[in-house]
Amino acid sequence: MKELLKENFIKYFKKEPSYYYFSPGRVNLIGEHIDYNGGMVFPFGVTLGIYAALLERCDNKIRVISEKFNEEPIIFRISDEKKTGDFTDYIKGVIKIISEKLNKKFNKGFDLYITSTLPAASGLSSSAALELLISHIINDLYDLKISDLDLVLASQKAEREFVLVNCGIMDQFAIGMSEEDKAILLNTNTLEYHYVDFNLDNATLIIINTNKPRALVESKYNERRSECEKALAILNKKHDKDNLCSFNLDELEGFKDELGEVLYKRCHHVITENARVYEFKEALEKHDLLKLGKLLTASHKSLKEDYEVTGINLDTICEALDSYPIVLGSRMTGAGFGGCAIALFNTTDLNKIDEVMKEVKEKYKEVTNLELSYYVTKSSKRTGRI
Ligand code: GLA
């Protein structure tokens, strides 16, 4: 990969780069739509991600090429805070947040070439991967010695306050703190976390991309967030809790009428999903593959019926997979409404996986007229120099 990065960097900038970086995408094993409800999540950075080559400049300019988006360098000043609605907003946002945090002006820019093995707009968090990439670059170039965790927090702040997407902490955390062969069990309320071995031995995890064009994801996402806020306010008429995940099902029952059907279902998902994360951790530690599969499938059902964030594309894939004994379980991952699913196969034989996926592909095409793609994956290193 480095050779390719170097070659392309030279093609665009006529000089050799000095540093190379990788920043992974993320999947979440389980614990969906609860990182903004104080719940437990179980993500990791994947082996698909963004690769970059970089050379410092002596002036204050940033020149950037993203293989997928532009053929001529986009040029702006490192202190530029004007949004343009493209991927450079993530770059400007992170630089602004770090500069404000340290009360420091940056005056030397860089040339940057970016390419990616992450499928575009697939819900595997390419935006968080880019934010973490930039935060690491600034940290290294200016020798700021900011901790990995603080880079995660700065990246999330940039997304929320500059790009104006009201995301939780999960994506940036997964990408900025990932470790090879581990999954991260993260308490999003306290930010306590620990690594759990993620070695599947006889099983294989794949990512399946619906390739559904992204539409309305942000507005639907914000709608769910505000539904949760409304529900919390109702529950707190008789309680005083910080978040929905601190409630149990018995407490919820008492509010069934007052919440109404929709808000009740949203809370039901949140509370049961949080419990599934703990069960998943136990099953992973015991290498109980059957249980892991069942929990994935139960999570999807809850996201479909109670939280209503799956949609025909993801449901078609997961329902099709359900009929194969070799598939232990599957579920959507990330925000939903398209994007990607994950599936756990009870085999390491890639030919067997291909056979199943060929049939699932056909069923999916029949229903949606779209082609799905899939990738075998495992957990990778966090963002950093390579
Ligand atoms: C998106 C957000 C995350 C999280 C997931 C759903 O990926 O960025 O913070 O809320 O959706 O679990």
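The numbers here are math on the coordinates, done by the rules we state, and not lab data. Treat the numbers as computed from the prediction; the structure is a model and nothing was measured. Note that we place each Cβ from the backbone using ideal geometry, even for glycine, and neighbour counts take in every protein chain shown.
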*Looking only at LEU314, LEU102, LEU289, which one moves most when the chain is put into a Gaussian network model with springs between Cα atoms under 10 Å?*
LEU102
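Take every Cα pair under 8 Å in the chain that's 6+ residues apart, average their separations, divide by the length, and report that relative contact order as a whole percent.
On the way: 777 pairs, mean separation 91.3, N = 386.
Taking the mean separation of contacting Cα pairs over the length of the chain, I get 24 percent.
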*Which GluC sites (Glu not before Pro) does region 295-386 hold that lie in a coil by DSSP with at most 12 other beta carbons within 10 Å?*
GLU371
_If I stretch the segment between ASP143 and PHE69 completely, what's the gain in nm (0.36 nm per residue apart, minus their alpha carbon distance), one decimal?_
23.7 nm
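Fully extended, how many nm does the chain gain between LYS301 and GLU180 (0.36 nm per residue separation, minus their Cα-Cα distance)?
On the way: separation 121, 0.36 × 121 = 43.56 nm, distance 2.95 nm.
So the extension gain works out to 40.6 nm.
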*With 20 Å as the limit, write out which pairs from LYS61/LYS83; LYS352/LYS381; LYS182/LYS352 have Cα-Cα distances beyond it, or answer none.*
LYS352/LYS381; LYS182/LYS352
*Put a dot 7 Å past each Cα toward the Cβ at LEU191 and ASP250; how far apart are the dots in nm?*
3.4 nm
*Hey, got a sec? Which trypsin sites (Lys or Arg not before Pro) in region 1-50 land in a DSSP loop and have at most 11 other Cβ atoms within 10 Å?*
LYS14, LYS15
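If we sort 223-235, 248-260, 132-144 on the protection proxy, mean other Cβ atoms within 10 Å, highest first, what's the order? Walk me through the numbers on the way to the answer.
On the way: 223-235: 16.7, 248-260: 13.1, 132-144: 21.7.
My ranking of the peptides, most packed first, is 132-144, 223-235, 248-260.
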*Along each of the three principal axes of the Cα atoms of region 2-197, give the extent in whole Å, ordering the values from largest to smallest.*
47, 36, 30
_Mean separation of Cα contacts under 8 Å, 6 or more apart, over the residue count of region 290-343: relative contact order %_ = 38 percent
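Relative to the Cα centre, what is the charge dipole magnitude of region 36-135, using +1 at the beta carbon of each Lys and Arg, -1 at the beta carbon of each Asp and Glu, and rounding to the nearest 20 debye?
Details: 13 positive and 12 negative charges, 82 e Å.
That gives a dipole near 400 debye.
For region 112-194, go through all pairs of different Cα atoms, get the mean of 1/r, take its inverse, and jot down that Kirkwood value in Å. Intermediate results must be reported in sequence, preceding the final value.
Numbers: mean 1/r = 0.0736 Å⁻¹.
One over the average 1/r among Cα pairs gives 13.6 Å for region 112-194.
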*Length gain on complete extension for the stretch LYS105 to GLU285, per 0.36 nm per residue less the alpha carbon to alpha carbon distance?*
60.1 nm
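Relative contact order of region 87-152, please, whole-number percent, based on alpha carbon pairs below 8 angstrom and at least 6 residues apart.
Values: 26 pairs, mean separation 26.1, N = 66.
Value for region 87-152: 40 percent.
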*Put +1 on the Cβ of every Lys and Arg and -1 on every Asp and Glu Cβ in the chain; which of TYR142, LEU200, ALA121 then has its Cα farthest towards the positive end of the dipole?*
TYR142
*According to the Cα gyration tensor, what semi-axes, each the square root of 5 times an eigenvalue, does the equivalent ellipsoid of the chain have, listed from largest to smallest in whole Å?*
35, 26, 19
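Provide, as a two-decimal number, the C-alpha radius of gyration of region 305-377 over 2.2 N^0.38 Å, N being how many residues it has. Each step should come with its number before you reach the end.
On the way: Rg = 11.9 Å, N = 73, 2.2 N^0.38 = 11.2 Å.
So the Cα radius of gyration is 1.06 times the expected 2.2 N^0.38 Å.
Please give the charge dipole size of the chain, origin at the Cα centre, charges +1 on K and R Cβ atoms and -1 on D and E Cβ atoms. Round to the nearest 20 debye. Could you put the intermediate results ahead of the total?
On the way: 52 positive and 60 negative charges, 243 e Å.
Once rounded to the nearest 20, the dipole reads 1160 debye.
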